[in-house]
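Please treat every number below as a calculation from the coordinates, not as lab data. Keep in mind that this is a model prediction, so the values were computed, not measured. Positions of Cβ are backbone-derived with ideal geometry, glycine not excepted, and every protein chain shown enters the neighbour counts.
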Amino acid sequence: MSDVPKPRRENVRPTAEIEALVVRVVGAALPDRLVTWLGVSKRNAERWLSGESTYPPSLVERLDQFAPICDDLIADLEDLVDEYKERGLPENLLRLRIREFSKTLSEEPPPRPAPQKSTDL
């Protein structure tokens, strides 16, 4: 057995680009956000965000897919909030109602991702 370390696998895109996608999709580059969305371990999320580990290519594809949709969602929510503020609804009541509404979306935890088969030998 050789003591030569395996070459480090690189991200499929520059890390800064991937992190920008993470922010667009989950709102902040925080491990807990990735854990909540993906159902991965906090350690995996921390390793991706710190650069200790590479982002799985399938995750980068999902980030690419969802980033423009999440941009639209935020724009729509901002417009909706502005509309209700103009109608006189106080901001604290808006926050309360939005938070309560979010609880009605689902009680199901996110699906666990399928195990990735390593192509490194």
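In this rough spin-label picture, where each label sits 7 Å from Cα along the Cβ direction, the Ile74-Glu91 distance is 1.8 nm. Other residues with beta-carbon under 12 Å from the beta-carbon of Ala29 carry, at +1 per Lys or Arg and -1 per Asp or Glu, a net charge of -1. For the range 1-87, GluC sites (Glu not before Pro) meeting the loop criterion (DSSP other than H, G, I, E, B) and having at most 14 other Cβ atoms within 10 Å: Glu10, Glu52. Considering only alpha-carbon pairs that sit under 8 angstrom and 6 or more positions apart, the relative contact order computed for the range 15-102 is 24 percent.
A viscosity of 1.306 mPa s and a temperature of 10 °C, combined with the Kirkwood radius over C-alpha pairs in the Stokes-Einstein formula, give the range 15-102 a diffusion coefficient of 109 µm²/s. Ranked by how many other Cβ atoms sit within 10 Å of their own Cβ, fewest first, the residues Ile74, Ile18 fall in the order Ile74, Ile18.
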